[in-house]
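The values are calculated or read from the model by the stated rules, or taken from the named source; none is laboratory data. Computed from a prediction, not measured in an experiment: that's the story for all the values here. Here the Cβ positions follow ideal geometry from the backbone for every residue, glycine too, while neighbour counts run over all protein chains shown. Heavy atoms of the whole protein, side chains included, go into the accessibility calculation; ligands, DNA and RNA do not. Shrake-Rupley method; radii C 1.70, N 1.55, O 1.52, S 1.80 Å.
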Amino acid sequence: MTVYDIAVIGAGPAGLAAAETAAARGARVAVVDAAEHPGGQFYRHRPGDDGSRHHHWRAFTRLRDALKNVDHLAGHRVWHAEPGEPHTLHCLVGHADERPTTVRAQHLILATGAHDRSLPFPGWDLPGVLTAGGAQALWKGHGLTAGARAVVAGTGPFLLPVATGLAASGATVHGVFDANRPDRRVLPLATDPARAIEAAGYAAALLRHRIPYRTGHAVIAAHGDGRLEEVTVARLDRDWRPLPGTGRTITCDTLATGYGFTPQLELAVHLGCALTEGFDGTPVAAVDAAQATTAPRVWAAGETCGVGGATLAIVTGALAGYAATGARPPASLLRRRARQRRLAAALAAAWPVRDGWKSWLTDDTLICRCEEVPHSRVEQAIAAGARDTRGLKLLSRTGMGRCQGRVCGYAAACLVGAPERPDRPIAQPVRLGDLAAGDTAPIHPRAGADT
Amino acid sequence: MVKPLGGADVVVVGAGIVGAAVAYECATAGLTVAVVERDQVSGGTTGAGEGNLLVSDKEPGPELDLALLSLRRWREWAETLDTDIEYEPKGGLVVASTAAALASLTALAEGQRAAGVETAAVADPRTLEPHLRDGTAGAVHYPQDSQVMPSLAAAELLRRPGITVHTGLTLTGLTLTGGKITAAVTDAGTIPTGAVVNAAGTWAAEVAARCGSELPVAPRRGFVLVTEPLPRMIRHKVYSADYVANVAAGTAGLETSPVVEGTAAGPVLIGASRERVGFDKTVSVPVLRRLAAQAVELFPFLTDVQVMRAYRGFRPYTPDHLPIIGADETVGGLWHACGHEGAGVGLAAATGLLVAQGLTGGKPALDTAAFRPGRFGRPVEEAHA
Amino acid sequence: MNITVDGRTVPAEEGQTIAAALHADGLRAWRTTRVGARPRGLFCGIGVCFDCLVTINGRASIRACLAPARDGDVVTTGGER
Ligand SMILES: Cc1cc2nc3c(=O)[nH]c(=O)nc-3n(C[C@H](O)[C@H](O)[C@H](O)COP(=O)(O)OP(=O)(O)OC[C@H]3O[C@@H](n4cnc5c(N)ncnc54)[C@H](O)[C@@H]3O)c2cc1C
Ligand SMILES: Cc1cc2nc3c(=O)[nH]c(=O)nc-3n(C[C@H](O)[C@H](O)[C@H](O)COP(=O)(O)OP(=O)(O)OC[C@H]3O[C@@H](n4cnc5c(N)ncnc54)[C@H](O)[C@@H]3O)c2cc1C
Ligand code: FES
């Protein structure tokens, strides 16, 4: 037998919950994950970590322990998901010693998570400017501080753990700047006790570290000669336009910046899954009440079908695990999903991205970092007839580089005024020699050996 | 009721490279032009192919004559257009792996030379392409083979004064009076005009039908691999002699032949497969593997180079592999400029010229009988497969 | 354990990525871009942006933020390829 019943792609909260649930129901499960250690973004940790840096660590240790009932294929990057009976996952393992391998499974659960969503501004490609998640990953995954003097900017509640993480790692944090002014009365944190406690913890930590928290402010430019030396912070109007005369500079060597998250949809697109609009109107994989996508024998969970945090990821993961094994889920789980979705929608509404960020751009601000395309060329391409990100790519090279528009895609879509259409047949770079060599023999399931 | 848009002497359907070329040449001839494009500039196959302007892959005959005319026109355009369209006369190198292949390649080159193509036999192709594998039987160099960036070229051509581009507008039909066109009908209004040019590429059969005519144009899918950016390692467009046979083949089955070229921007492009599978966008891993294997075979150093992305497009295929250029034989004022399959970029310039000459009553620069829309008679059954 | 970066010995911890080892060593940029020779280092930290590319043991274009450091790894920085 070389075919798994279920392959889960992603070992974050969603994937782990899906695997645990499916394995508990007797399925032969593989968890295929690019990372070396399980946990995804939320439970990113160091080997030997005791969990003191983490919320919900106990939930994680339970999920991690359940991995003994499945084949955890760590460090396996899926470069293409080929639909079929069975489905085939084309993977790459290793780095300097990279080699291809193949996983076959009758059913797939996509739990590929999300990456930081960035907005461009002058100087955003200076070394020392990191995504918020990138700064967090250095701390959670390596115990490293991103820098000595840090600023955190962007929008969303995620900025808080990033700031407290930076402070705990030894950085002096000169401020957290959230471009939105979330209305305290509709602030939905209160509807979720766990989150309210978490938020209170962050607030206390900000106080303890004397970190100023400013809403309605943004870093609108970064400056430095070859590396970040200072940022310009300005007060914004409701539409995120800087209010004249409010700009001031802060000396820093590190800026952690993030404006939410973008789901990783390439594998869903390979498999032919229809996309729909997520909580904030950007594309996500469409799923039904059972977390089934529109593609045969493919389910999706976690941020792949909507950015809503770790709890929603766990709940949808478990639901996908039930559905993929043909089982009825407990009603309590469905209720939790409904509540978490309401919460996610409320969070998306309270922390939107407003159009005024475009006024931060100068003509020479890079929109596409890979192909080094400045804002002026993007505008020229729009004037020449580009109507969506594909047209922008063809007429200006925006999104044509190595990252295939993952980093600039959101901004490019806003600038051209049409949603992103993620289409990346090759989700991870693959060497021509490995591609040429043909399909490798599929991995033999170990887990749930024949009974 | 549909509202009238501004009128034009000619309405061109499709803002791909062919529509852009037709619009440009018509405007140059003094006509006012409205371009109707349902998606965006280069939103069709022009944005999903490559930009080779080839004479090397064409057998002597009407298509080669068209290609030679087109090549001259492209060179003039590159000199006169304001923006850089990445025109590069890099030359092609066709490599034969066996003595037999070399013999037929040499015979082909002789015929091409008689038709006006510059060719040069190359005993050791590695003098021109140092990273090519050794042990090939020989090659022919085609210095005229060139390249442009088709999307940029289309956008630039469409900027010519006299052309109005309507993106996001679909041609839905025609208004005829006494068997002659008086307006083009779109989903957002009518455009009064006496002439409509169907430059809808792979969708030209659909547009012909909306106009009350019939054409046998069908999709032929192609994949291209794009590597990470490299310093210039490959200078020509390099392909194997088998390519010519594949281009000419009409079978529905998969055909691949390595066509490898470096680009000014750095990535190496590896094309291209040919398959008749309708408009199926699903990625075919076996096709990608085949393209990779053939590229590595030609250039062994590519083994360690990463493929960064891949894309696919649908070529506008016709049963006899010749484009359709000329006046419709039933609908007065309807013209066709479509069905260029895998050579639409290369053939666009001459196509534009011929259509403009036809519409203004000028003498065509070459005999267009072979491209007549009416040549298929009743539509060929399999073309609709 | 140690890795070599452009001939220099740099300490690395078990479980660290190459990027983390470079970052811990104080490096913030280790590559320049093709067009504008702009310096680049870590940005996304999770393998998405391709800013952090290095050559490891002769194999080019590896994302330093994904590759775990192994004792004796020979890392070359600079361009893309
Ligand atoms: C860098 C970063 C840091 C974050 N840190 C926090 C935090 O500290 N606190 C917080 O509340 N939220 C954090 N988030 C938000 C986080 O996305 C969610 O809280 C939660 O982790 C989502 O769970 P998930 O299971 O849907 O996806 P993830 O946890 O993102 O897991 C997805 C997994 O899929 C794998 N994967 C994706 N594509 C492939 C592929 N092609 N092949 C193989 N494997 C693949 C990834 O490597 C990853 O391990 C962070 C997000 C990012 C991007
Ligand atoms: C992989 C691949 C590689 C290739 N390589 C080369 C090469 O190297 N050299 C070369 O010369 N050629 C090459 N080609 C072929 C070339 O791309 C095509 O022949 C050429 O782009 C066709 O151009 P077109 O303008 O006729 O069609 P298109 O570019 O498809 O333009 C037609 C336009 O019509 C629009 N349209 C359709 N219906 C309507 C309607 N009802 N109303 C309004 N608008 C409508 C479409 O949206 C489309 O934009 C390649 C093709 C592929 C797929
Ligand atoms: S830092 Fe983005 S890929 Fe490594």
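Taking amide H as placed 1.01 Å from N in the peptide plane, B:V305 has its amide H under 5 Å from the amide H of A:L432, A:G433, each at least 5 places away in sequence or on another chain. Couplings 3J(HN,Hα) of the range B:298-313, computed from phi: 6, 10, x, 5, 5, 3, 8, 8, 7, 7, 9, 7, 9, 9, 9, x Hz, in residue order, whole Hz [Karplus 6.51 cos²θ - 1.76 cosθ + 1.60, θ = phi - 60°; x for Gly and Pro]. With contacts defined as alpha carbon pairs under 8 Å and 6 or more residues apart, what's the relative contact order of the range B:14-56 in percent? Result for the range B:14-56 is 48 percent. In a DSSP loop and with at most 14 other Cβ atoms within 10 Å, the trypsin sites (Lys or Arg not before Pro) in the range B:145-246 are B:R232. A 1.4 Å probe run over the protein chains yields, for chain B, 35 Å² of accessible area per residue, whole-number rounding.
Rounded to the nearest 500, the 222 nm mean residue ellipticity of chain A from helices alone is -8500 deg cm²/dmol, with -39,500 (n - 2.57) taken per DSSP H run of at least 4 residues. For the protein assembly as shown, the share of accessible area belonging to carbon and sulfur comes to 52 percent (1.4 Å probe, ligands and nucleic acids excluded). Bridge orientation summary for chain A: considering DSSP beta bridges with both residues in this region, about 50 percent are antiparallel.
Summed over both chains, the accessible area lost when C and A associate is about 3300 Å², using a 1.4 Å probe. With a ≥ b ≥ c taken as the square roots of the eigenvalues of the C-alpha gyration tensor of the range A:119-258, please select rounded if a/c is under 1.5 and otherwise prolate if a/b is larger than b/c or oblate if it is not? Taking the square roots of the gyration eigenvalues as a ≥ b ≥ c, the range A:119-258 is oblate. Dipole size of the range A:1-128 about its Cα centre, with +1 on Lys/Arg Cβ and -1 on Asp/Glu Cβ: approximately 360 debye, rounded to the nearest 20. For the range B:321-363, just say rounded, prolate or oblate: build the C-alpha gyration tensor, square-root its eigenvalues into a ≥ b ≥ c, call rounded for a/c under 1.5, and beyond that prolate if a/b exceeds b/c, oblate if not. It is oblate, given that a/c is not under 1.5 and a/b is not larger than b/c. Interface burial in the range A:412-426 reaches 30 Å² or more for A:D423, A:P425, A:I426, comparing the full protein assembly with the chain by itself; accessible area from heavy atoms with a 1.4 Å probe.
C:A64 sits among other residues whose Cβ lies under 10 Å from its own Cβ, and their net charge, with Lys and Arg +1 and Asp and Glu -1, is +1. Relative contact order, whole percent, for chain A stands at 21, derived from Cα pairs under 8 Å and 6 or more residues apart. Summed over both chains, the area buried between B and A is near 3100 Å², taken from the accessible surface of protein heavy atoms with a 1.4 Å probe. For chain B, DSSP calls about 70 percent of its internal beta bridges antiparallel.
Charged side chains reduced to their Cβ positions (Lys and Arg at +1, Asp and Glu at -1) give chain A a dipole of some 1240 debye around its Cα centre.
Considering only beta bridges that DSSP places wholly inside the range C:2-76, some 85 percent are antiparallel. Loop-located GluC sites (Glu not before Pro) across chain C with a Cβ neighbour count of 12 or fewer within 10 Å are C:E14, with loop assigned by DSSP.
For the range A:361-416, the solvent-accessible area with a 1.4 angstrom probe is 28 square angstrom per residue.
Using only helices, what value at 222 nm comes out for chain B when you add -39,500 (n - 2.57) per DSSP H run of length 4 or more and divide by the total residues, to the nearest 500 deg cm²/dmol? Value at 222 nm, helices only, nearest 500: -8000 deg cm²/dmol. In order along the range C:61-76, the Karplus-derived 3J(HN,Hα) couplings, from 6.51 cos²θ - 1.76 cosθ + 1.60 at θ = phi - 60°, round to 6, 9, 6, 5, 7, 9, 7, x, 6, 10, 3, x, 3, 9, 10, 10 Hz, and Gly and Pro are given as x. Each label was represented as a point 7 Å from its Cα along the Cα-to-Cβ direction; for B:R159 and A:S332 these points are 6.5 nm apart. Average accessible surface for the range C:2-76: 36 Å² per residue, computed with a 1.4 Å probe over protein heavy atoms with every protein chain in place. Specify the longest stretch of chain A that does not include any exposed loop site, a site being one of the trypsin sites (Lys or Arg not before Pro) with a non-H, G, I, E, B DSSP assignment and at most 13 other Cβ atoms within 10 Å. The longest such stretch corresponds to A:239-445. Of the residues making up the range A:127-160, those losing 40 Å² or more of accessible area when the isolated chain is joined by the remaining protein chains, with a 1.4 Å probe, are A:P127, A:L130, A:T131, A:L138, A:H142, A:L144. Taking amide H atoms as placed 1.01 Å from N in the peptide plane, the amide H of A:L275 lies under 5 Å from those of A:A286, each 5 or more residues away in sequence or on another chain. Taking amide H atoms as placed 1.01 Å from N in the peptide plane, the amide H of C:V5 lies under 5 Å from those of C:V10, C:V75, each 5 or more residues away in sequence or on another chain. Give A:K140/A:K358; A:K68/A:K140; A:K393/B:K237; A:K393/B:K281; A:K393/B:K90; B:K180/B:K363 a once-over and call out the pairs whose C-alpha atoms are over 27 Å from each other. Flagged as over cut-off: A:K140/A:K358. The residues packed around A:R99, meaning those with a beta-carbon under 14 Å from its beta-carbon, carry a net charge of -2 if Lys and Arg are +1 and Asp and Glu are -1. Around the Cα centre of the range A:119-258, unit charges on the Cβ atoms of Lys, Arg, Asp and Glu (plus for the first two, minus for the last two) sum to a dipole of about 420 debye. Toward the positive end of the charge dipole of chain C, about the Cα centre and with charges on Cβ (Lys, Arg +1; Asp, Glu -1), which of C:V5, C:I18, C:V48 goes farthest? Towards the positive end, the residue furthest out is C:V48. Work from the charge dipole of the protein assembly as shown (Cβ charges, +1 for Lys and Arg, -1 for Asp and Glu, about the Cα centre) and give the residue of B:G212, B:V287, A:A168 farthest towards its positive end. Comparing the listed Cα positions along the dipole, A:A168 ranks first.
Projecting the Cα positions of A:V315, A:G391, A:P442 onto the charge dipole of the range A:298-451 (unit charges on Cβ atoms of Lys, Arg, Asp and Glu, taken about the Cα centre) puts A:V315 furthest along the positive direction. List for the range A:374-396: residues with 10 Å² or greater reduction in accessible area, all protein chains versus chain alone, probe 1.4 Å? Those are A:A384, A:G385, A:R387, A:D388, A:R390, A:G391, A:K393, A:L394, A:L395, which lose 10 Å² or more relative to the chain on its own.
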